[in-house]
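Structure first, commentary second.
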Amino acid sequence: MKVLIIGSGGREHAIAMSVKRSKRVEKIYCAPGNAGIAQLAECVPIGAMEFDKQVAFAKEKEIDLVIVAPDDPLAGGLVDEMEKAGIRAFGPRKNAAVLEGSKAFSKDLMKKYQIPTAAYENFDDPEEAMKYLETAKLPVVLKADGLALGKGVLICKTREEAMEGVRKIMLDKQFGSAGNKMVIEEFMTGREVSVLSFVDGKTIKTMTSAQDHKRARDGDQGLNTGGMGTFSPSPFYTEEIDAFCQERIYQPTVDAMAKEGRKFQGVIFFGLMLTEDGPKVLEYNARFGDPEAQVVLPRMKNDIIDVMEACIDGTLDQIDLQFEDNAAVCVILASDGYPEKYEKGLEITGLERFDGKEDYYCFHAGTKEENGRFYTNGGRVLGITALGGDLKEARKNAYLATEWVEFDNKYMRHDIGNAIMEADKMS
Ligand code: AMP
Ligand code: GLY
């Protein structure tokens, strides 16, 4: 089989690694890819939003399966375009990708189908939003409706902050057209868990759980980022919680989408908060998480191509989805200053130290290669994943491996997986 992966981050590198392991695949292309993916696949300089070029390329190379990994091309309808051209593609169609593409849509869906989530109101008029905030309970959460690289969420402790937030989102359009509408919702407290799942339109099979660390600095301080590190599984995601979510959240979401005429085929990522009143949905994503994929996929036993094809063919009920009984931790090596201002183009050394080491992965996110040397090329540069028999061991291994690579403005959080120790104390 020939496979084309769309995207260029650490998630796409993890997907490429899984695809490479498939016995059924003889050639992998990635558009546009990055310097790490280039070691597994042939990277082609076509951007994730250049649909015409991607379709032409897929036809020319007789691609058997296109995997659309990032949110933007999914929301823009790349899967529909591929299908129209007679090319098989993994990922939700445009009318289903709206589950992530519009927070107002997803909140209304949850309300209509009684899926547990934070109380909320949608607004398309900034004045009405301001008026609502005069009496809203604090803290309050503001969310730009559309896609904003995980940064369109503001948690406001005071009314002034909240009013300023409405201005930023709806008037100054800090997140562009994503802020034409917004959601104002109740602030929830609890532990966060990410549960990714494969969906074929009617059947849903969840993957092993993970936890992200969204804030830039240790102790969950600093700005929200795309994600600074993950671990899997989450020790807080118990069988009891899983049973509740399967019954009240996962299957109901898939059924609700089907009922709305928006059959979802692909990956649904459930961002959950384990509150005192039970698990509630923080957000849906219509794709693998980044850096969740970097800890979940290395633990998956199945051939990823078999699972993806079952999602497309509606035969997921016949797949026995299995994960290793081990653990993984991923620590992101970022450029100091991310997610705001940072320098790029600094040389990365030590990457060869990962060669031949089975339980260690160095997933590239923002890197580029020139004449055999590697350079930083983004905010999140590398994702260092290590496996271990348990979370503690995986964590120790991951932090050890972060020392193998160097670049000038290397920055990482030092407390990825600290929650593991808390879980230990609790048990
Ligand atoms: P989202 O992109 O919707 O997942 O939001 C990004 C982050 O903001 C989440 O991972 C949470 O840490 C936080 N967040 C979002 N919504 C809420 C909420 N209703 N209450 C508390 N924190 C929230
Ligand atoms: N790590 C969160 C996300 O991919 O949106």
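Some points to look at:
- Shape category assigned to the chain from the gyration tensor of Cα positions, a/c cut at 1.5: rounded
- Computed over region 250-351, relative contact order equals 18 percent, with contacts defined as Cα pairs under 8 Å that lie 6+ residues apart.
- Mean projection of the Cα convex hull over all viewing directions, computed for region 298-391: 8.7 nm².
- Calculated SAXS-style log₁₀ I(q)/I(0) at q = 0.19, 0.20, 0.22, 0.26 Å⁻¹ - region 354-427, Debye, Cα scatterers: -0.86, -0.93, -1.05, -1.28
- Relative contact order for region 239-286, counting Cα pairs under 8 Å that sit 6 or more residues apart, in percent: 29 percent
- Size descriptors for region 269-427, from the alpha-carbon set: Rg then Dmax equal 17.8, 56 Å.
- Charge dipole of region 373-414 (Cα centre as origin; +1 on each Lys and Arg Cβ, -1 on each Asp and Glu Cβ, all else neutral): 120 debye, rounded to the nearest 20.
- Sparse-neighbour loop sites [trypsin sites (Lys or Arg not before Pro); region 272-338; at most 12 other C-beta within 10 Å; DSSP]: 301
- Figure legend: label point modelled 7 angstrom from the Cα of residue 223 along Cα→Cβ; residues of region 112-150 with amide N under 13 Å from it are 149-150.
- Region 15-112 - accessible surface per residue (Å², probe 1.4 Å): 42 Å²
- Accessible area of the chain belonging to carbon and sulfur atoms, whole % at 1.4 Å probe: 45 percent
- Signed unit charges on C-beta, dipole axis of the chain, positive-most listed residue 206, 253, 149: 149
- For region 245-369, the solvent-accessible area with a 1.4 angstrom probe is 40 square angstrom per residue.
- Loop-located trypsin sites (Lys or Arg not before Pro) in region 36-126 whose Cβ has at most 14 other Cβ within 10 Å (DSSP): 61
- Accessible area in the full protein assembly, largest first, 1.4 Å probe, for 151, 137, 20: 137, 20, 151
- Checking the cross-link pairs 357/396; 280/392; 205/280; 94/173; 205/396 against a 21 Å limit on the alpha carbon distance flags 280/392; 94/173; 205/396 as lying beyond it.
- Å² per residue, accessible surface of region 199-240 at 1.4 Å: 39 Å²
- In a simple Cβ point-charge model (Lys, Arg +1; Asp, Glu -1; nothing else charged), the chain has a dipole of about 400 debye relative to its Cα centre.
- Of the residues 243, 17, 401, the one whose Cα sits farthest toward the positive end of the charge dipole of the chain, with +1 on the Cβ of Lys and Arg and -1 on the Cβ of Asp and Glu, is 17.
- Under the criterion of Cα pairs below 8 Å and six or more residues apart, the relative contact order for the chain equals 16 percent.
The values are calculated or read from the model by the stated rules, or taken from the named source; none is laboratory data. Keep in mind it's a predicted model, so treat the numbers as computed, not measured. Please note: Cβ atoms are built from the backbone with ideal geometry, for glycine as well, and neighbour counts cover all protein chains shown. Heads up: the accessible areas ignore ligands, DNA and RNA and are worked out on the full protein's heavy atoms, side chains in. Shrake-Rupley method; radii C 1.70, N 1.55, O 1.52, S 1.80 Å.
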